[in-house]
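Undergrad: I have a structure I would like to understand better, so I am pasting it below and will then ask my questions one at a time.
Here, each number is a calculation from the coordinates, and none is a lab measurement. No experiment lies behind these values; they were computed from the predicted model shown. Note that we place each Cβ from the backbone using ideal geometry, even for glycine, and neighbour counts take in every protein chain shown.
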Amino acid sequence: MLWDTLTKTETRINFLIEHQCPQCGAPAIMEETDRLFACKFCRVKSYLEASDVFRYMLPSTAPASKELLYFPYWRFKGMLFSCAGNGVGHKFIDVSHQAIAAPAFPVSLGLRSQALKLKFITPETEGRFLEPTQSLARIEQNFDERFDKTLPKPVLHHAHIGETISLIYAPYYVKNRLYDAVLNTPIAAAALDTSEIDQLPDEKPHWRIRFMATLCPNCGWDLDGERDSLVLLCKNCTSAWYPVVKGLKQIKFGKQPSEDKNAIYLPFWCIKSNIKGIELQSYADLVQVANIPKVVQSGWEKMDFRFWVPAFKIRPKIFMQLSKNMTLSQLHNELTEELPKNRHHPITLSITEAIESLKINLASFIKPKTRRTEILHGIDIQAKGFALVYVPFIEQHHELIQPDLQFAINKNIIALSDNL
Ligand SMILES: [Zn+2]
Ligand SMILES: [Zn+2]
């Protein structure tokens with residue numbers, strides 16, 4: 001039995017966030033990736049939504065008399081994929097970076113923040129909030145450029161998948177010098193020219209987290225989900241719901257049935273698409289494109305090609321392997337329109353993120369690899385439709401095994417995916 005060593009990121013914890021139940025006001029602590037909040041006191045469940053990104057602040061230990069200055073940092077936690085040279089590269093990153101180019105302030109949050117409890121910023125929060133002037137796209141381009149330096153050339157394509165993006169505001173104050181208000185210590189030894197800081201644009205903290213009721217829009221029943229679920233299920237009327245900005249949207253789903261009592265269902269996005277630049281419409285085309293050692297049977301040209309992508313976060317290497325193996329096998333088994341009664345894994349990777357991974361998925365199986373370098377640039381994939389499909393994996397001592405694929409995942413890796 002081989003054990004994978006834990007990466008630095010997986011052994012780190014999520015940020016913890018202190019907040020209050022919107023219903024009864026009881027104090028609560030949640031994890032950064034939590035979306036479904038169930039109050040221990042009043043038992044009311046609600047789903048958290050931000051209009052764009054979640055904004056948090058670090059706690060201050062500065063003397064109460066100091067006027068706080070909140071400086072924004074972009075936080076990016078997720079997978080970077082690239083098609084480079086003859087391979088597909090991947091990396092998990094967890095980084096923060098200044099959202100304003102201001103040399104007086106530390107360029108990132110550093111590691112200290114991992115141990116602190118954050119709070120949501122509300123319109124009532126006091127202090128001066130500096131306005132982010134560096135776009136996230138600009139910062140992400142930085143990550144790509146740094147990642148590219150480590151990759152074989154040519155670099156053909158990039159994707160950022162399954163990322164958690166937030167703005168974290170760190171408190172500072174000025175007393176001749178610039179002070180870090182988290183640690184209550186000066187940042188630089190030299191006296192500061194405060195006019196530079198005074199000129200930075202600021203804004204009112206007008207952001208508020210929305211708490212949405214989790215009742216089934218169809219039948220009024222209480223929806224089910226894990227704390228980090230992006231899809232909520234109604235066991236009463238057998239429906240699945242995806243929170244969007246203006247409420248809950250129903251989604252199509254299916255299950256590949258299994259008689260095995262040790263089955264655990266893992267969720268996948270099954271995606272129909274228009275692909276330009278390569279002939280890939282049917283299972284017969286796939287056999288050609290991926291050079292699968294099978295003789296094309298009659299009828300295969302009528303079986304539509306679908307992409308399969310895990311609907312849950314998992315370390316990048318396994319994410320890639322699962323996407324590729326599921327897509328190559330095209331699982332043609334009949335699906336039932338049922339929700340799994342057995343244990344099932346929550347949906348923690350959105351359909352939007354899954355769609356971003358399609359080109360990487362395709363690049364992972366085009367053969368010969370030299371052909372990929374020639375044609376990848378001209379390939380365009382437009383998703384047309386999707387469904388959520390629960391696929392059974394059979395639990396064994398250390399692994400979950402998908403019998404049709406003969407694919408095994410270490411149970412430990414699934415358990416650790418909570419931190420991604
Ligand atoms: Zn409550
Ligand atoms: Zn219902």
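Undergrad: Sum up the lysine pairs in segment 150-294 that clear both bars: alpha-carbon distance under 29 Å and a spacing of 8 or more or different chains.
TA: 19
Undergrad: Does a label point 7 Å from the Cα of C219, set along Cα-to-beta-carbon, have any residues of segment 329-354 with amide nitrogen under 16 Å, and which are they?
TA: Within reach of a label on C219, which here means backbone N under 16 Å from a point 7 Å along Cα→Cβ, segment 329-354 contributes 337-341.
Undergrad: Right, something else. Over all directions, how big on average is the projection of the convex hull of the alpha-carbon atoms in segment 34-98, in square nanometres?
TA: Reported value for the Cα convex hull: 8.6 nm².
Undergrad: Separate question: When the helices in the chain are scored as -39500 (n - 2.57) per DSSP H run of 4 or longer and the sum is shared across all residues, what 222 nm value do you end up with, to the nearest 500 deg cm²/dmol?
TA: Working: 9 runs with 67 residues, N = 420.
So the helix-based figure for the chain works out to -4000 deg cm²/dmol.
Undergrad: When the chain is treated as a GNM, springs tying every alpha-carbon pair under 10 Å, which of A64, A363, A383 comes out with the largest mean-square fluctuation?
TA: A64
Undergrad: Let me ask something else. To one decimal place, what Kirkwood hydrodynamic radius in Å is obtained for segment 184-268 from all pairs of distinct Cα atoms?
TA: Here the Kirkwood hydrodynamic radius works out to 17.9 Å.
Undergrad: Per the Kirkwood definition applied to all pairs of different Cα atoms, how many angstroms is the hydrodynamic radius of segment 82-207? Working shown, then result.
TA: On the way: mean 1/r = 0.0580 Å⁻¹.
Value: 17.2 Å, from the Cα pair sum.
Undergrad: Take the Cα atoms of segment 83-133, find their three principal axes, and give me the spread along each one in whole Å, biggest first.
TA: The Cα atoms of segment 83-133 stretch 53, 25, 21 Å along their principal axes.
Undergrad: So who's got an amide H within less than 5 Å of the one on S229, skipping anything under 5 residues away but keeping other chains? H placed 1.01 Å off N, in plane.
TA: Result for S229 returns R35, L36.
Undergrad: Now a separate question. Treating segment 229-373 as a set of equal point scatterers at the Cα positions, no solvent, please give the Debye-formula log₁₀ I(q)/I(0) at q = 0.13, 0.20 Å⁻¹.
TA: Log-scaled intensity ratios, in q order: -0.66, -1.33.
Undergrad: Something else now. Quick one: compute a quarter of the convex hull surface over the Cα atoms of the chain and quote it in nm².
TA: 23.7 nm²
Undergrad: With angles folded into 0 to 90 degrees, how steeply does helix 136-148 sit against the dominant principal axis of the chain? Use alpha carbons for both and round to 10.
TA: 60 degrees
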